[in-house]
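The structure appears below as structure tokens.
The values are calculated or read from the model by the stated rules, or taken from the named source; none is laboratory data. Owing to the predicted nature of the structure, the values given are computational and were not obtained by experimental measurement. No Cβ is skipped: glycine too gets one built from the backbone with ideal geometry, and neighbour counts run over all protein chains shown.
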Amino acid sequence: MECISVFDMLKIGIGPSSSHTLGPWRAAERWIQELKAKNRFEKVEKITVDLYGSLSLTGKGHATDYAVLLGLSGADPEHVPVDNIDKIIATIKSSNTLNFNNEKTLPFHTKEDIIFNRKFLPFHANGISFSALINGRNYKSTYYSIGGGFVVQEERKVSKANKIIFYCTFPYPVSYGEELLKFCNQLSLPISGVVLENEKSIRDIDSVDFELKRIWNTMLECMYTGCHTEGNLPGGLNVRRRAFDMHKNLIGEHTYENPQEWLETIRKTEVKFRQILKWVSCFALAVNEVNASLGRVVTAPTNGSAGVIPSVLMYYLVIENHEADFEHIKKFLLVAGEIGSIFKKGATISAAMGGCQAEIGVSSAMAAGALCELLGGTPEQVLVAAEIAMEHHLGLTCDPIGGLVQIPCIERNSMGAIKAINAAELALDTDPKNVKVPLDKVVNTMWETAKDMNTKYKETSEGGLAIGVNMADC
């Protein structure tokens, strides 16, 4: 039985892409660890990096080359100051050297030593190989970024099922929605309760709370930053940030000094009915504008879909329940993480494997189920909410213009959030006994749809909007 923690699904990292940025970054870290374990690190004379498939085709737009350089330099995506990133990259490029893991200086020419190969490797669409020259011999290791910041090596012989084994000791292991409902009934607990019991089996409750607070605070700070940053996004499309203007028009004249004060100010602000969806959109846009500018976000379950879950949670805090506290936030994140893990085990959360249904679709399902529980839904209704949200994202392609996580990605987070809220409301008025399509069926259908989808619609920028729009006109 494979076990995926909530903290595997919700990870703190740097934008703009969990599979194209965070994954390669973590792969570089893994490779360094591998070299050290084999006593080769100190002997390395030169390194080169090969990118394959989707990592190559949209790698520059997703800052994959930057992520590789940062990972090889020893920077940590959870803690590196965002303002230092450009300086680190500029130093490598100007000096033609790399401070390998911040321990030894090696020659490195970014234009020659990071190679963008258009071909796909058979194991996964996102392949990356690191090569080290040692005493005249070349040592090569290949990794795969499989979505959501997860990284594996091909030695794991599970590629046909698209599954990775996570060894753990969960007392209530879940792969399917039906199994989750069985444990809810057995323990007389809501979904969040079952998930919490599993998390407590691998870490103490104080650690669970600490990490969930850290995740929520990162989400809140990300929304705050996005709502207070104006100008155009980097990358060449000259996309203007919209969250700043939307937020300014919505909040009016208010003063506050930090994200927490900002949240409390919004909760005290009178929100007119027609402004509700604008607030939700504003929160979602804010997150993904930060993501698109290499800011710090939480994969939920990916960077490209990072805005859906925080914006729906903010909807609950700002619109539905002004008395909500950390316990409500905790339940929301626990439920969201568990639903995401069911999709990860049964299908995929990688756009390079399944299109945008694997990112926005999954994030919308996660948020819908989590909101449904907070609004009083039964475990059965929670899964109905997740099913409804995904059902109406099936077949959604991934076709980023210029390989950038901007158009249509940023707006899709807004749409995914709004669908999640609608799905939760529909589920609350649904008798689960009358449901014709259970969550497990839609998960399987999503995976079958992913396998049938043409490769050019899977994060390659070779189809759809990516080739239908002239970048010069943007």
- request: Can you tell me which residue within the range 44-64, out of those that are of a type outside the set (Asp, Glu) and assigned to a loop (DSSP other than H, G, I, E, B), is modelled with the highest pLDDT?
  value: Val44
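From the list Val298, Val362, Val280, Val312, pick out the single residue that is in a strand (DSSP E or B), touching a Phe, Trp or Tyr at 6+ places or on another chain (Cβ under 9 Å) and not aromatic (Phe, Trp, Tyr).
Only one candidate qualifies: Val298.
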statement: Taking the range 404-422 and keeping only residues that are more than 18 Å from Lys278 (Cα to Cα) and buried (at least 24 other Cβ atoms within 10 Å of the Cβ), one is left with Leu404, Val405, Gln406
- request: Among the numbered conditions (1) surrounded by fewer than 18 Cβ atoms within 10 Å (Cβ to Cβ); (2) touching a helix residue (DSSP H, G or I) at 6+ places or on another chain (Cβ under 6 Å); (3) assigned to a helix (DSSP H, G or I), tell me where Glu261 comes up short.
  value: (2)
task: State whether one or more residues within the range 375-386 are closer than 21 Å to Ala351 by Cβ and assigned by TED's automatic domain parsing to the domain that holds Gly337.
output: yes
task: Would you please list the contacts, defined by Cβ atoms under 8 Å and residues six or more apart or on different chains, that run from a residue in the range 298-319 that is surrounded by fewer than 24 Cβ atoms within 10 Å (Cβ to Cβ) and aliphatic (A, V, I, L, M) to a residue that is outside any helix (DSSP H, G or I) and modelled with pLDDT under 95?
output: Val318/Val271; Ile319/Val271
- prompt: Of everything in the range 431-454 that's of a type in the set (Val, Ile, Thr) and in a helix (DSSP H, G or I), which residue is surrounded by the fewest Cβ atoms within 10 Å (Cβ to Cβ)?
  reply: Thr445
statement: The residue that is farthest from Leu375 (Cα to Cα), considering only those in the range 187-212 that are without any contact (Cβ under 8 Å) to a residue 24 or more places away in the chain and hydroxyl-bearing (Ser, Thr, Tyr), is Ser207
- line: When the range 360-395 is checked residue by residue, the ones that are more than 26 Å from Asn434 (Cβ to Cβ) and without any contact (Cβ under 8 Å) to a residue 60 or more places away in the chain are Ile360
message: Out of Lys160, Lys182, I need the residue that is out of contact with any Lys or Arg (no Cβ under 6 Å at 6 or more places or on another chain), outside any loop (DSSP other than H, G, I, E, B), surrounded by fewer than 17 Cβ atoms within 10 Å (Cβ to Cβ) and modelled with pLDDT of 90 or more. Which one?
response: Lys182
- prompt: Quick one: is Ala132 modelled with pLDDT under 95 and surrounded by 15 or more Cβ atoms within 10 Å (Cβ to Cβ)?
  reply: no
field: Breaking point among (1) over 24 Å from Asp50 (Cα atoms); (2) surrounded by 13 or more Cβ atoms within 10 Å (Cβ to Cβ); (3) within 24 Å of the chain's Cα centre (by Cα); (4) at pLDDT 95 or above, for Tyr143
entry: (1)
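Within the bounds of the range 70-86, is there any residue that is polar (S, T, N, Q), touching a Gly at 6+ places or on another chain (Cβ under 8 Å) and surrounded by fewer than 24 Cβ atoms within 10 Å (Cβ to Cβ)?
Checked the range 70-86: no residue is polar (S, T, N, Q), touching a Gly at 6+ places or on another chain (Cβ under 8 Å) and surrounded by fewer than 24 Cβ atoms within 10 Å (Cβ to Cβ).
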statement: Being under 30 Å from Arg240 (Cβ atoms) and either in a helix (DSSP H, G or I) or of a type in the set (Phe, Trp, Tyr) (or both) narrows Ala367, Ala427 down to just Ala367
